[in-house]
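The values are calculated or read from the model by the stated rules, or taken from the named source; none is laboratory data. Everything quoted here is computed from the prediction, not taken from an experiment. Cβ atoms come from the backbone with ideal geometry, glycine included; neighbour counts cover every protein chain shown.
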Amino acid sequence: MRRSSQDNDDEQGSSSTVKSVEVAVQILDALADAPGPVRVTELARSLDMTKARVSRHLQTLTRLGLVDHAREGEGYVFGRKLFKFGRAAVYRSNVVEIARPYLNELCAQTGHTALLTTPIKGGAMVVHAVPNPFEPGIMVQPGMVLSLPGSPAARLFYYFENKKPVPPRVVENLTAYGVDFETDTRGNGLGGIAAPIFEADGQVCAALGVILSSSLLVPEPDVQLLATVRSVASEIQKRYADGVNPALMPKQSS
């Protein structure tokens with residue numbers, strides 16, 4: 001069957017459009033990895049493209065609200081529309097939607113406030129929580145940031161992303177129980193238990209856990225409580241990305 005010139009033109013146009021999308025994503029990736037505003041020259045160098053090509057794509061991305069000119073100095077930063085997309089991606093991602101009923105189950109089984117967190121730089125952010133009405137002193141809201149070293153979720157994210165524990169007991173806890181647990185170092189009388197959840201490629205993407213009185217973790221937490229957190233996390237893992245089994249103890253750099 002003979003292909004028409006229109007078919008060829010459509011195919012070439014489609015290929016060009018796909019390539020433009022790929023370049024746009026590369027630019028957004030570069031902006032995401034940068035510690036601050038990035039200049040066109042720097043983008044062109046890192047992406048191995050001409051300044052003219054990068055500038056052309058930046059103009060389109062700026063017009064769409066995906067990037068913006070830096071307010072101070074030269075360079076480009078993320079646009080406001082990306083914050084809208086990012087918020088939707090965090091709070092309405094597949095892992096969050098899958099985890100919602102399991103958080104209710106975890107709260108009911110343990111009698112403690114259940115929460116799901118995702119990694120952010122230097123810690124963990126709560127994206128969904130189910131409070132226990134009989135623990136009025138524990139207030140957890142979406143958007144709350146849990147920090148190192150007191151948050152077991154933050155410790156898990158740091159461990160799996162950097163391949164080194166903070167502190168070393170993270171490895172011991174994971175090896176023995178499949179979860180991490182710790183009392184909050186700020187002395188607020190609270191503690192936490194968290195189990196990791198992974199993407200299909202083995203990258204950590206979330207942590208399921210509970211917040212409870214630190215007295216329930218000292219000197220050691222109830223083994224059945226740890227097993228319950230791990231079991232519910234395993235159910236989420238099966239539905240989200242089954243068959244993932246990342247090494248709990250990656251080789252340490254010498």
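Things to note:
- Which listed residue, of Glu199, Glu182, is surrounded by 14 or more Cβ atoms within 10 Å (Cβ to Cβ), assigned by TED's automatic domain parsing to the domain that holds Gly150, free of Cβ contacts under 8 Å to residues at least 40 places away in the same chain and closer than 30 Å to Glu97 by Cβ: Glu182
- On inspection, Thr41 qualifies as among the polar types (S, T, N, Q) and loosely packed, with under 14 Cβ neighbours inside 10 Å.
- In the range 136-147, residue farthest from Pro101 (Cα to Cα) [restricted to those that are surrounded by fewer than 17 Cβ atoms within 10 Å (Cβ to Cβ) and in contact with a Gly (Cβ under 9 Å, 6 or more places away or on another chain)]: Ser147
- Exactly one residue out of Glu105, Glu42 is at pLDDT 90 or above and either within 26 Å of Gly191 (Cα to Cα) or among the aliphatic types (A, V, I, L, M) (or both), and it is Glu105.
- Residue, nearest to Ala32 (Cα to Cα), within the range 62-80, restricted to residues that are in contact with a strand residue (DSSP E or B) (Cβ under 9 Å, 6 or more places away or on another chain) and in a helix (DSSP H, G or I): Arg80
- Residue within the range 225-232 that is touching a Pro at 6+ places or on another chain (Cβ under 9 Å), at pLDDT 90 or above, closer than 14 Å to Pro152 by Cα and not hydroxyl-bearing (Ser, Thr, Tyr) present: no
- Failed criterion for Glu161 (all others in (1) touching a residue at least 40 places away in the same chain (Cβ under 8 Å); (2) surrounded by 14 or more Cβ atoms within 10 Å (Cβ to Cβ); (3) under 25 Å from Glu97 (Cβ atoms); (4) acidic (Asp, Glu) hold): (2)
- Residue within the range 158-170 that is in contact with a helix residue (DSSP H, G or I) (Cβ under 6 Å, 6 or more places away or on another chain) and at pLDDT 85 or above present: yes
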